[in-house]
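Read through the structure below, which is laid out as structure tokens, and then see the notes.
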Amino acid sequence: MMLSRTANHLYWMARYVERAENTARILDVAYRMSLVPKESRLADQEWFAPLNITGTLYPFSGRYSQVNAQGVLRYMVLDPDNPSSIFSCARAARENARAVRGSITSEMWEVINGTWLEMQRLTEERLASERVLEFFEWVKERSHLFRGVTVGTMLHDEAFHFNRLGTFLERADNTARMLDVKYHVLLPSVQDVGGAVDYYQWAAVLSSVSAFEAYRKVFRDVITPLRVAELLILRDDMPRSLHACMNEVYDILQKLTSASQHEASRLAGEMHAALHFGRIDIIFADGLHEYLTDFLRRVHQLGGEVNLAFFSARAQKQAVA
Amino acid sequence: MSYDTPFNEMYLPDGQVRPHYAALAEWIEHTPSERIHNMRDAANMLFHRVGITFAVYGEEAGAERLIPFDMLPHVIPGEEWRMLEKGLRQRVKALNAFLHDVYHDREILRAGRIPEERVLQNKLYRPELVGIDLPNHIYAHIAGVDLVRAGAGEYYVLEDNLRTPSGVSYMLENRKMMMRLVPELFAQQSVAPVEHYPDLLLDTLRSVAPANVESPVVALLTPGQFNSAYFEHAFLAQQMGIELVEGADLFVADDVVYMRTTRGPQRVDVIYRRIDDDFLDPLAFRPDSVLGVPGLVSAYRRGRVTLCNAIGTGIADDKSMYPFVPDMIRFYLGEEPLLNNVPTYQLRNREDLEYTLAHLSELVVKEVHGSGGYGMLIGPASTERERDAYRLRILDNPESFIAQPTLSLSTCPIFVDQGIAPRHIDLRPFVLSGKDIVMCPGGLTRVALREGSLVVNSSQGGGTKDTWILN
């Protein structure tokens, strides 16, 4: 039993931490792809991908004249007016944490507060090319630290479960988007399909979700799109795959109880079953991009049901009566 | 009572160190100043990281600042503390008796000890509370009494804070910090522990639950994270293991108070509220309050929930009531007060008003309903223009003001860049009243960091120190 508001803050605190990490991962992969030599007409085209997959191309264009490394990095890392910039995520995570100071351990608070204090000191120089990868590493490390401290210090009670629910729902959303990067990044020409650049881009996607080594271990073979997708969608032993995320989400929803969670549990179960029994060739036959788009829609829907079941005030008065 | 040289807590007039500061003096002498500097930096960094900050009103929304912390503790010998503790218990007991009385039989008014209209016409008197019986007849469950030393070191009560006194989290965090920075000093001498305060508080809150509630559910009600004391609210809730709730987390159905939880409504029996009376319930008090809980006061009046502190305690810590506290002690307890009051001029009285206006440059003038060091005039530190402006305010509404002699507050050394230097301090111990009266040995020592300043309030540039009661 816990306050609905508290549960809501814990859930969003974890979501924002995860989102900051994944934004760093998305930018990391775009940056790596941009390093591939190419003709000047294609210069900077990788930088559309982060905007496209996070659905922020439109607001970006309203404020920046050109899509290039400098603009996209500034917008997605530092811009306080972009609600999903890493800066804004760090702030939102900290605001949510502050609202539930009493429900998280002091170690968790210190990680989140420390990250925010550091973030405020971040300047544009730190995003200069030679140090930008180092910065992405730092964001990932802070997020790893947050999860480690959470698992290692927090009582594994309901508060913990809401926190984890936020982490895995957000991660499911982000892995799906990351996998969709390839759809948005054009190859220089049709002949390049299956060529070196193609290979390089899929490898970058793998690295961005820390799955490169896992891929080698699982398949012991060359990188192919089908296998990358299988690893990141269907393998449940791959910690950032959609299947692994939905395993967690489904389990957590079984542990939590509310008067009105039926639809959230059912939907999570349905999504989980589809991944559990899914086949990658069927997914490819229907189109990977279409599959991912549909998956994102369902994650969004599930978020709405979780909100209704646990956080909204609506059910409360009825329960007393 | 006014002395030119203030009482120095650490040194005798001849420059000798007072015995209870001996260990500390030796430590200062033998510790390289560089280490002390490093420790000050470490303390600041830790406080920032832990987020022990307070919001400052009137600055950019959400602005947070550290309350400056000084590493030199305020040391009090055990014997002296026992005397203070006795006096504080006596005082708070009488104040609770007074509160029960003015909302019931009004004996003290009928006996003519306090003019009736001063109580009944006071805007802090809450007619809603008349005739309501509270558990154990306690109103001020948590009291933070401000003590100062003046003259040759005699203690005075400056203020009784009986509404939502704050600062106890600094008492606890300062101790934690000191034990981290200078463990060797704690090994050398026996400093009375304060860490059990949250347990005492929780016991107190539980002990005043409505009758027949077996294991009471306690919650701490905060105005939210933009309140200046939010850190303390979150800290105390966590230390006690109770829910930190905002108004919107609570609702009332059939005069029962519930929290909205992930599993549906959960009944609440005791609310440790850190919201002012006016904002508690938009149906009973300010209709524009978004912080409160509609219907709370009705549930409270029917005895279905206990509020700590009670509604209407302001009538007892109002500055216009302060001069009568010694009389309350005599009236209710039949005892002589153990702690002194500061002589107070009530400007509603003609003579007092005339005297005050003639001696503005020597006196401290305060608003009767003010708090936090806002809106007061410190005569000796004021300019003629300030005094003229203040004079007009007084004449406009004399009954809203009191005046007191400017006490030469005692000083305690603080670390400054060039070593140590004396600064004025005060002390706020906390008195808990439930089934029994309990106290933690210690309190919050506040210090005016600016040289010569007498204002210790954190909103006005004051800092804090750890307070050591020696066994």
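The values are calculated or read from the model by the stated rules, or taken from the named source; none is laboratory data. Fair warning: this is a prediction, and the values are worked out from it, not measured in the lab. Backbone-built Cβ (ideal geometry, glycine too); neighbour counts: all protein chains shown.
Report yes if some residue within the range B:211-231 is in contact with a helix residue (DSSP H, G or I) (Cβ under 9 Å, 6 or more places away or on another chain) and charged (D, E, K, R); otherwise report no. No: the range B:211-231 contains no residue that is in contact with a helix residue (DSSP H, G or I) (Cβ under 9 Å, 6 or more places away or on another chain) and charged (D, E, K, R). When A:GLU46 is tested against (1) under 21 Å from A:ASP198 (Cα atoms); (2) surrounded by fewer than 19 Cβ atoms within 10 Å (Cβ to Cβ); (3) over 18 Å from the mean Cα position of the chain (by Cα), just one condition goes unmet, and that condition is (2). Among the residues of the range A:49-69, those identified as surrounded by 12 or more Cβ atoms within 10 Å (Cβ to Cβ) and without any contact (Cβ under 8 Å) to a residue 12 or more places away in the chain are A:LEU57, A:SER61, A:TYR64.
When residues in the range A:101-128 are screened for being crowded, with 21+ Cβ neighbours inside 10 Å and more than 18 Å from B:ARG49 (Cβ to Cβ), 1 of them pass. Taking each residue of the range B:219-235 that is at the interface with another protein chain (Cβ under 10 Å from one of its Cβ atoms) and buried (at least 24 other Cβ atoms within 10 Å of the Cβ) and looking for partners that are at pLDDT below 90 and part of a helix (DSSP H, G or I) with beta-carbon atoms closer than 6 Å, six or more apart or interchain, yields B:ALA234/A:ARG101; B:ALA234/A:GLY102.
The numbered conditions (1) closer than 26 Å to B:SER33 by Cα; (2) in a strand (DSSP E or B) are all true for B:GLY452 except (2).
If you go through the range B:247-267 and pick out every residue that is under 18 Å from B:GLY292 (Cβ atoms), charged (D, E, K, R) and facing another protein chain (nearest Cβ under 7 Å), you end up with 2.
Candidates are the residues of the range B:202-218 that are away from every other protein chain (no Cβ under 14 Å) and within 25 Å of B:LYS176 (Cα to Cα); the one that is surrounded by the fewest Cβ atoms within 10 Å (Cβ to Cβ) is B:ASP203.
Condition check ((1) more than 14 Å from every other protein chain (Cβ to nearest Cβ); (2) touching a Leu at 6+ places or on another chain (Cβ under 8 Å)) across all residues:
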{"site": "B:VAL293", "(1), (2)": "no, yes"}
{"site": "B:VAL297", "(1), (2)": "yes, yes"}
{"site": "B:TYR300", "(1), (2)": "yes, yes"}
{"site": "B:ILE315", "(1), (2)": "yes, yes"}
{"site": "B:PRO323", "(1), (2)": "yes, no"}
{"site": "B:PRO326", "(1), (2)": "yes, no"}
{"site": "B:ILE329", "(1), (2)": "yes, no"}
{"site": "B:PRO337", "(1), (2)": "yes, no"}
{"site": "B:VAL342", "(1), (2)": "yes, yes"}
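Residues in the range B:267-283 that are in contact (Cβ under 8 Å) with a residue 60 or more places away in the chain and outside any loop (DSSP other than H, G, I, E, B): B:VAL270, B:TYR272, B:ARG273, B:ASP277. Sub-6 Å Cβ pairs linking a first residue in the range A:6-19 that is more than 15 Å from A:ARG98 (Cβ to Cβ) to a second residue that is modelled with pLDDT under 95 and not in a helix (DSSP H, G or I), at least 6 apart or interchain, are A:ALA7/B:THR262, ordered by first then second residue. The residue of the range A:290-315 that is nearest to the other protein chains (Cβ to nearest Cβ), among those that are in contact with a Lys or Arg (Cβ under 9 Å, 6 or more places away or on another chain) and closer than 13 Å to A:ASP180 by Cα, is A:LEU296.
Among the conditions (1) away from chain A (no Cβ under 13 Å); (2) surrounded by 21 or more Cβ atoms within 10 Å (Cβ to Cβ); (3) not hydroxyl-bearing (Ser, Thr, Tyr), the only one that B:PRO193 does not satisfy is (2).
Of the strands (runs of 3 or more DSSP E) lying entirely inside the range B:333-444, those carrying at least 1 residues that are closer than 21 Å to B:GLU80 by Cα are B:411-416, B:419-428, B:430-433, B:437-439.
For the range B:236-245, residues that are crowded, with 23+ Cβ neighbours inside 10 Å and either in contact (Cβ under 8 Å) with a residue 60 or more places away in the chain or among the acidic types (Asp, Glu) (or both) total 2.
Restricting B:ASN136, B:ASN96 to those that are touching a Phe, Trp or Tyr at 6+ places or on another chain (Cβ under 7 Å), part of a helix (DSSP H, G or I) and not acidic (Asp, Glu) reduces the list to B:ASN96.
Condition (residue is under 26 Å from B:THR31 (Cβ atoms), surrounded by fewer than 24 Cβ atoms within 10 Å (Cβ to Cβ), out of contact with any strand residue (DSSP E or B) (no Cβ under 7 Å at 6 or more places or on another chain) and of a type outside the set (A, V, I, L, M, F, W, C)) applied to the range B:435-450: is it met by at least one residue? Among the residues of the range B:435-450, at least one is under 26 Å from B:THR31 (Cβ atoms), surrounded by fewer than 24 Cβ atoms within 10 Å (Cβ to Cβ), out of contact with any strand residue (DSSP E or B) (no Cβ under 7 Å at 6 or more places or on another chain) and of a type outside the set (A, V, I, L, M, F, W, C), which makes the answer yes. Just one of the listed residues (B:PRO73, B:PRO77) is modelled with pLDDT of 95 or more and within 26 Å of B:TYR230 (Cα to Cα), namely B:PRO73. How about the range B:305-332: which of its residues are part of a helix (DSSP H, G or I) and hydroxyl-bearing (Ser, Thr, Tyr)? Residues satisfying the conditions are B:TYR322, B:TYR332. Taken over the range B:417-435, residues that are free of Cβ contacts under 8 Å to residues at least 60 places away in the same chain and farther than 20 Å from B:PHE7 by Cα amount to 2.
Restricting the range A:1-40 to residues that are among the charged types (D, E, K, R), part of a helix (DSSP H, G or I) and under 23 Å from A:VAL205 (Cα atoms), which is nearest to the other protein chains (Cβ to nearest Cβ)?
This residue is A:ARG15.
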